[in-house]
Amino acid sequence: MRYDFKEIEAKWQKIWAEKNAFAATDDYSKPKYYALVEFPYPSGQGLHVGHPRSYTALDIVARKRRMQGYNVLYPMGWDAFGLPTENYAIKNHIHPEIVTKNNVAHFKAQLQALGLSFDWNCEVNTTDPDYYKWTQWIFLQLFKHGLAYKKEMAVNWCTSCKVVLANEEVVGGVCERCGGEVIRKVKSQWMLKITEYAQRLIDDLDTVDYIDRVKVSQKNWIGRSTGAEVDFGTTAGDTLTIFTTRPDTLYGVTYMVMSPEHPFLEKWADKLSNIDAVRAYREEAAHKSDFERSELNKEKTGVRLEGVEAVNPVNNTRIPIFVSDYVLMSYGTGAIMAVPGHDTRDWEFARKFDLPIIEVVKGGDVEKEAFVDCATGILVNSGILNGLPVDEAKKKITETLAARGIAREKVNYKLRDWVFSRQRYWGEPIPIICCDHCGYVPLDESELPLKLPEVKSYEPTADGESPLAHLDEWVNVTCPKCGRPARRETDTMPQWAGSSWYFLRYIAPHCDTAIAPKEALDYWMPVDWYNGGMEHTTLHLLYSRFWHKFLYDIGVVSCPEPYAKRTSHGMILGENGEKMSKSRGNVVNPDDIVNEYGADTLRLYEMFVGDFEKAAPWNTSSIKGCKRFLERIWGLQDILVDGEGYSPALENAVHRTIRKVSEDIEALKYNTAIAAMMALLNDIADQKQITRGELRTLIILLNPFAPHLTEELWQVCGFEGMVYQQKWPEFDPAKCVEESVEIAVQVSGKLRGRALVPANCGNETMLAAARAVPEVAAAIEGKAIVKEIVVPGKLVNIVAK
Ligand code: ANZ
Ligand code: ZN
């Protein structure tokens, strides 16, 4: 019988849907398993072949867990607010709601054609008012707890999208979305105090099972740094406080640097004879992003203050003060003590401005370069610190200055508060009313959702206000507190809002009295396994952990962390090894693959293509190999013989395969799980027959990978029920031990070496081991293989010419 994947796949997708086969149940007596993948942004381009890599991987986990007796929640939804949809709507004069609806329908059809076992009863869409009612509700709680506040601040402004970007959205100095130029602009913005959670966000990483690189990059991003604040006197009378991680180097300070935005500069305006130069320099710095300003090997610039000097508290020497853009106002105190002997940026600056360089830790050559890696060094030229190792010197000087009241230990974090305002249309309206008399007044919760009003144009205004600002009727309201005329907030939330809590809504997408009933949240949370892209590590993943911790603090959820386990897949690249993109012309459309080879082949291929965690270039010949494997599985029905057990010759191989597939799925080693099934198939082919017991097991093992084909084969062979309802097979560890035997390898009858192979292994395994012997490989290189003779367990003879 031909393997007619088109008919088979359509047939089973229909049956699963009719049976509601993959629905999570509310039988809370069963053990639960919550598998989650990042829901997609339904862009106009439709599904990318990268999406199924993540979705299939956790589909395999979800299907296996159901077979292991768990009540499984594996949901899907749409992260549908955001700029690309809005930009498309502006260009084509179609309402973003309609654009979204069309894109979602297209995406959904594409996903359903892949046979993913999502529970579509739980589908959510972040742009649905019943959904964003709760996004707004969470915002109100944050506001009421002092974690949402408004602040005038210099923000990253994308000149092309005309929108404020979070630091995380500025990559390499340009807009992450459009590549446009990003400048600094002062605006009043809603901010969320994620910094209040910085330490807990670090500490609780110890309680979750995330892959290391995710933990490391979250920790680096939060950037905890321990040191001291030290007060320097100035001739202006003010105390200039700095943050340093190296108080031990205080005797090596030869100048100070203030950020161009430091408030003292204007305060000192009448004392500074060159205030105009300082102002001009500040103006220049405003055009640079923090990223550019912090770059290590850029040319150092600055202006020396004329009229004010600082005093080093350890030796009372007077030192000059500079403004320079390499010191950021947003970190520490916005001012530093410069130690050119031991800090690279200070060293370069000192060379350029001809400032003294003092060695205070022995071991380098500070005339040539800053001696930075000096943590194990000994202090010199440092008064009371001479002879001390760095660690002790830090402690001693901090204590000494602390006793004088001019220093204190200090922990700083790189993490900044989250800029939560967007001046755009297609986002959740921020449910706040601005009253001249009462300030920011939260909307009453009974008025949620605050729906997005209709507008004629979605274009942001030239002055950067949201298009909502034009809607007088919507904007002008009476203050809920004092009854005076007031205005609605016209900023909307960033795209990251809806995705910060969506996993909670899947649990009860239609609940209208709460995010979800408490007992449902308690049962399903935390998510047991969450897979998603590395690029979300410091954005979505961090934001959602923050929101979840807040919801935990106010008693909405009972677990402090949302995700028990986090893994990440590598990207699927174009056949040329480069990122798939329209401009490179290397985009593979998943629909084409499904049409030509079938969904099961695409699924299997994406899991086989390489190490799950690494990027993998598209490979057309490997996809053909996957198809052939499935065809051979399909052909097993022709060699089926009676017998519910395993035949003695194959028994150990079957047990080993069960173990391998079971364990590899848990360890993200989908490719080697498939390879193990391929090897078993070869062993079966050697036997030229398969018992019903063996086929049964093989079908169940393969089902999570190729669900359609396996259901059909199961039915054709007359097994009872459906595969997805079967119990996951067990293995007998005693039968998994692999005894090995040594075989002789000849090339054209001449002994060339020996190889170790598993006892009772098949011919393919023996041949592969034989060819891998270096002497054999050398002897057959460049020759044509005429014949391969295998004597099981004893010998391989490769006849080559
Ligand atoms: C003196 C010193 C000597 C420093 C030395 C380093 C090495 P992290 O680890 O990133 O926290 N710094 C402090 N505030 C700054 C700001 N607003 N902009 C730019 N640089 C700033 O690094 C802290 C160090 O970065 C601080 O310690 C300070 O330089 C600098 F051998 O003080 B250090
Ligand atoms: Zn009021």
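Coordinate-derived values only; no laboratory data. Being a predicted model, the structure only gives us computed values, none of them experimental. Cβ atoms come from the backbone with ideal geometry, glycine included; neighbour counts cover every protein chain shown.
Of 180, 305, 358, which is farthest towards the positive pole of the chain's charge dipole, taken about the Cα centre with +1 and -1 on the beta-carbons of Lys, Arg and Asp, Glu respectively?
Selected residue: 358.
Rounding to the nearest 20 debye, state how big the charge dipole of the chain is about its Cα centre with +1 on each Lys and Arg Cβ and -1 on each Asp and Glu Cβ.
My answer is approximately 840 debye.
What is region 224-413 by shape, rounded, prolate or oblate, if you read a ≥ b ≥ c off the alpha carbon gyration tensor as root eigenvalues and call it rounded for a/c under 1.5, prolate for a/b larger than b/c, and oblate otherwise?
Prolate, because a/c is 1.5 or more and a/b exceeds b/c.
Can you put 34, 281 in order, fewest other beta carbons within 10 Å first? It would help to have the intermediate numbers written out before the result.
On the way: 34 26, 281 19.
By the 10 Å Cβ count, ascending: 281, 34.
Could you pull out the pairs from 579/669; 215/298; 193/352; 133/582 whose alpha carbons sit more than 32 Å apart here?
Correct reply: 193/352; 133/582.
Relative to the present Cα-Cα distance, how much length would full extension add between residue 777 and residue 352 at 0.36 nm per residue of separation?
Length gained between residue 777 and residue 352: 146.9 nm.
At a threshold of 8 angstrom on Cα-Cα distance, excluding pairs fewer than six apart, so keeping six or more, what relative contact order does the chain reach in percent?
Values: 1475 pairs, mean separation 109.3, N = 801.
Contact order relative to length: 14 percent.
Compute for the chain: radius of gyration divided by Kirkwood radius, i.e. Rg/Rh, restricted to C-alpha atoms, rounded to two decimals.
Ratio value, two decimals: 1.05.
Search the structure for amide H atoms under 5 Å from the amide H of residue 408, placed 1.01 Å from N in the peptide plane, and list their residues when 5 or more places away or on another chain.
Residues meeting the amide H criterion: 229.
In nm, to one decimal, how far is the modelled label at residue 239 from the one at residue 206, with both set 7 Å along Cα→Cβ?
3.4
Can you list residues whose amide H is under 5 Å from residue 125's amide H, if they're 5+ apart or on another chain and H is modeled 1.01 Å from N?
Result for residue 125 returns 78.
Scan around residue 428 for amide H atoms under 5 Å from its own, H built in the peptide plane at 1.01 Å from N, and keep only partners 5 or more places away or cross-chain.
When sequence neighbours closer than 5 places are left aside, the close amide H contacts are 493.
Residue 751 to residue 270: extension gain in nm, 0.36 nm per residue of separation minus the Cα-Cα distance? Can you show the working numbers first?
Details: separation 481, 0.36 × 481 = 173.16 nm, distance 9.49 nm.
Contour length minus the Cα-Cα distance gives 163.7 nm.
Farthest toward the dipole's positive end in the chain, which of 527, 677, 782, given Cβ charges of +1 (Lys, Arg) and -1 (Asp, Glu) about the Cα centre?
782
Rounded, prolate or oblate: pick one for region 740-800, where a ≥ b ≥ c are the square roots of the eigenvalues of its C-alpha gyration tensor, a/c under 1.5 means rounded, and failing that, prolate if a/b is larger than b/c, else oblate.
Judged from the Cα gyration tensor, region 740-800 comes out prolate (a/c at least 1.5, a/b above b/c).
Calculate, in nm to one decimal, what residue 596 and residue 720 gain on full extension: separation in residues at 0.36 nm each, minus their alpha carbon distance.
41.6 nm
With +1 on the Cβ of every Lys and Arg and -1 on the Cβ of every Asp and Glu, and nothing else charged, how large is the dipole of region 362-458 about its Cα centre, in debye rounded to the nearest 20?
The dipole of region 362-458 has a size of about 300 debye.
Starting from the Cα coordinates of region 517-672, work out the convex hull volume and express it per residue in Å³.
Taking the convex hull of the Cα positions in region 517-672, it is 193 Å³ per residue.
To the nearest Å, what is the center-to-center distance of region 441-480 and region 342-385, using C-alpha atoms only?
56
Using a/c under 1.5 as the rounded threshold, could you call region 177-271 rounded, prolate or oblate? The axes a ≥ b ≥ c are square roots of the C-alpha gyration tensor eigenvalues, and prolate needs a/b larger than b/c, oblate otherwise.
Oblate, since a/c reaches 1.5 and b/c is not below a/b.
Output wanted: per-residue J couplings in Hz (rounded whole) for region 703-717, from phi through Karplus 6.51 cos²θ - 1.76 cosθ + 1.60, θ = phi - 60°, x for Gly and Pro.
Values, residue by residue: 3, x, 7, 10, x, 6, 4, 5, 5, 5, 4, 4, 5, 4, 7 Hz.
Among the lysines, select those whose C-alpha is under 22 Å from the C-alpha of residue 362, and discard any that sit fewer than 8 residues away in the same chain.
394, 395, 396
Any chance you could check the Cα centroid distance between region 695-774 and region 260-285 for me, in angstrom?
75
Could you work out the relative contact order of region 224-413? I mean the mean sequence separation of Cα pairs under 8 Å and 6+ apart, divided by the number of residues, in percent.
Reported as a whole number, the value is 30 percent.
I need the calculated FRET efficiency for the pair residue 7 and residue 27, taking r as the beta carbon distance and R₀ as 51 Å, to the nearest 0.05. Present the calculation step by step, with values, prior to reporting the outcome.
On the way: r = 35 Å, r/R0 = 0.68.
For R0 = 51 Å, the calculated efficiency reads 0.90.
Nothing charged except the Cβ atoms of Lys and Arg (+1) and of Asp and Glu (-1): what's the magnitude of the dipole of region 224-413 about its Cα centre? Round to the nearest 20 debye.
Roughly 340 debye, rounded to the nearest 20.
Between residue 317 and residue 582, how high is the FRET efficiency from 1/(1 + (r/R0)^6) when r is the Cβ-Cβ distance and R₀ = 56 Å? Nearest 0.05.
The computed FRET efficiency comes out at 0.35.
Per DSSP H run of n ≥ 4, the term is -39500 (n - 2.57); total these for the chain, divide by its residue number, and report the mean residue ellipticity at 222 nm rounded to 500 deg cm²/dmol.
Details: 25 runs with 273 residues, N = 801.
Dividing the helical sum by the residues of the chain leaves -10500 deg cm²/dmol.
Which of 604, 625, 643 sits farthest toward the positive end of the charge dipole of region 595-679, with +1 on the Cβ of Lys and Arg and -1 on the Cβ of Asp and Glu?
Farthest towards the positive pole: 625.
What percent do you get for the relative contact order of region 619-735 when only Cα pairs under 8 Å and 6+ apart count?
Once normalised by length, the contact order is 32 percent.
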